[in-house]
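Chemist: Please see the structure below; I have some questions.
The values are calculated or read from the model by the stated rules, or taken from the named source; none is laboratory data. Owing to the predicted nature of the structure, the values given are computational and were not obtained by experimental measurement. Cβ placement follows ideal geometry from the backbone for every residue including glycine, while neighbour counts extend to all protein chains displayed.
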Amino acid sequence: MGKLKVNTEASEFKIIENKKDEPQYKEVSKFVGGMVEVVQFPNGDLLLLNEEGKLMQLPLNPEATALWRATFTKDKYSFGYDDFVVGPAILIKKQALNTWANQ
């Protein structure tokens, strides 16, 4: 599988790669529009999204969903591989984790 290319210019999907850019909870909550759900990826990155996004019927986030499906593949995981991400989301790369790593 080739390297996944993510549109980092998408307004609904942000990637944080530097500790100095790591957002605080209130900033994330405002960006995702509610309570924050944290999903840890196998490589240590964190995906932050709206905990109730599907219940609120937020629109599909194609960038975050592509990343999800590239990570949680059917050949490695029994479930979750066909899941999807809705609403705004933030990916904090492992090397950029500071306060979120201690949550």
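Chemist: Let me confirm something: among Glu51, Glu63, which residue is at pLDDT below 95 and in contact with a strand residue (DSSP E or B) (Cβ under 6 Å, 6 or more places away or on another chain)?
Modeler: Within the list Glu51, Glu63, the selection yields Glu63.
Chemist: For the subset of the range 33-47 comprising residues that are in contact (Cβ under 8 Å) with a residue 24 or more places away in the chain and in contact with a Leu (Cβ under 8 Å, 6 or more places away or on another chain), which member is nearest to Ile90 (Cα to Cα)?
Modeler: The residue in question is Leu47.
Chemist: Going by the conditions given, is Lys20 assigned to a helix (DSSP H, G or I), out of contact with any helix residue (DSSP H, G or I) (no Cβ under 8 Å at 6 or more places or on another chain), under 13 Å from Ile90 (Cβ atoms) and of a type in the set (D, E, K, R)?
Modeler: Criteria not met by Lys20.
Chemist: For the range 33-84, name all the residues that are surrounded by fewer than 18 Cβ atoms within 10 Å (Cβ to Cβ) and in a helix (DSSP H, G or I).
Modeler: Pro62, Thr65, Ala66, Arg69, Ala70, listed by residue number.
Chemist: Which residues, counting only those in the range 47-103, are among the β-branched types (Val, Ile, Thr), farther than 21 Å from Pro23 by Cβ and over 15 Å from the mean Cα position of the chain (by Cα)?
Modeler: Thr73
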